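> Sharing a structure, written as structure tokens. Questions coming.
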């Protein structure tokens, strides 16, 4: 139980790597040994640092290093023999669709877990935390022989991530019943999964421990957003809303610090820059590269604005709140903004995909200095509520509960 493994995809400047690193650092400070197991690429220029006791492990490199390990060779041979047998059985049952489908799925499961098996062999007593259904799937397929406990961690709005096809959705939910437990970010997520999990807890994301103190002086006339440049962020809507705002308040500018992880996100960025040029807005709306010191740069801005269509619990939103930025967020799917923001008290909520409502909310923050100050002061209170130490302890309490239950 003293060894915890986070299973993630690419380790780049994104929400899941940041969330897993913040938690891993807090776990390490409490005496745990932690691996962040990366199934995809590892970027060299990530903005977050790992504490001593937190190891970043490339699954590709681990598999290469242990490919001739006796245990791995023996189990791989066993699985190959099992696949061969299942293929022979499929030849016999090919005219019985129900049986044939089950055999095909059994072969697929073995192959899905194959990449993770070398790691699983060497970490038979670890507890795994998997971000998203895909990583739970491969982890379960690789470790079910060893009986590891696996915690499913939701990373987004599940109503978006899970297929609309009811049969496919129910198949995935049935798969998740094999989880030892689940940690969800919001109560909307908990409601979505219903009775899928025998153990489930709502634990919010931790706030980074090294954020600058809230700014209390006169603020720059800049609205800001920092995020991945992805379709779900609905940045074109934000741009349209700000162009309308600029007609009334031409002294204000908008800065979007955008991080791109996938190739399609680079295309989205190019389209946004082209949009600004076509609308003649490039002088007062800037698409800027991500920065490791972003919080210090933006702490004196007039407001933080998010236009997302769906989120789990937005890291940029809670970080903006923690440094005292007056925040305006869409009441998006996933429920994270709704759970953190009390409208008119510590921020403003607006409907999704409503540029007029977003523009009106920005006007209100500009015109009502008392409201902006109240939202700033109240938002900063989440620093204690979402401190890394407090959130890590909630996780540890949940993990200990899982570890003590019989398999």
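> How far is helix 263-279 tilted off the main Cα axis of the chain, in degrees rounded to 10, range 0 to 90?
So the inclination is approximately 20 degrees.
> Enter the angle in degrees (range 0 to 90, nearest 10) between the Cα long axis of helix 97-113 and the first principal axis of the Cα atoms of the chain, meaning the one along which they spread out most.
That helix lies at roughly 70 degrees to the long axis.
> For 83, 285, 298, what ranking results if the residue with the fewest other Cβ atoms within 10 Å of its Cβ goes first?
83, 285, 298
> Okay, moving on. Using only alpha carbon pairs under 8 Å that are at least six residues apart, calculate the relative contact order of the chain and give it in whole percent. Numbers along the way, then the final one.
On the way: 738 pairs, mean separation 60.4, N = 407.
Reported relative contact order: 15 percent.
> Would you order 371, 272 from fewest to most other beta-carbon atoms within 10 Å of each residue's own beta-carbon?
Fewest-to-most ranking of 371, 272: 371, 272.
> To continue, here is another question. For helix 70-93, what angle does its Cα long axis make with the longest principal axis of the chain, in degrees from 0 to 90 and rounded to 10?
80 degrees
> Still on this structure, I have one more. Remind me, relative contact order of segment 220-385 in percent, using alpha carbon pairs under 8 angstrom and six or more residues apart?
24 percent
> Calculated from DSSP H runs of 4 or more alone, at -39500 (n - 2.57) each and per residue, what is the 222 nm mean residue ellipticity of the chain, nearest 500? Intermediate values should be presented prior to the final figure.
On the way: 18 runs with 196 residues, N = 407.
When only DSSP H runs of four or more count, the value is -14500 deg cm²/dmol.
> Springs between alpha-carbon atoms under 10 Å, Gaussian network over the chain: tell me which of 240, 19, 219 tops the mean-square fluctuations.
For the chain, modelled as a Gaussian network with Cα springs under 10 Å, the answer is 219.
> Rounded, prolate or oblate: which fits segment 344-407 when a ≥ b ≥ c are the square roots of the eigenvalues of the alpha-carbon gyration tensor, with rounded for a/c under 1.5 and prolate only if a/b beats b/c? Show your work: numbers first, answer last.
Values: a/c = 6.68, a/b = 2.36, b/c = 2.83.
Oblate is the answer for segment 344-407, as a/c is 1.5 or above yet b/c matches or exceeds a/b.
> How far is the Cα center of segment 102-169 from the Cα center of segment 1-51, in Å?
18 Å
> Another question about this same structure. Can you order the peptides 250-261, 88-99, 327-338 by their average number of other Cβ atoms within 10 Å per residue, highest first?
Result, highest mean Cβ count within 10 Å first: 327-338, 250-261, 88-99.
> List 321, 18, 303 from most exposed to least, where exposure is judged by having the fewest other Cβ atoms within 10 Å.
Lowest count first: 18, 303, 321.
Any read-out appearing in this document is the output of simple, stated calculations on the displayed coordinates, not a laboratory observation. Worth saying up front: this structure is predicted, and the values here are computed from it rather than measured. In this analysis, Cβ positions are derived from the backbone assuming ideal geometry, glycine residues included, and neighbour counts consider all displayed protein chains.
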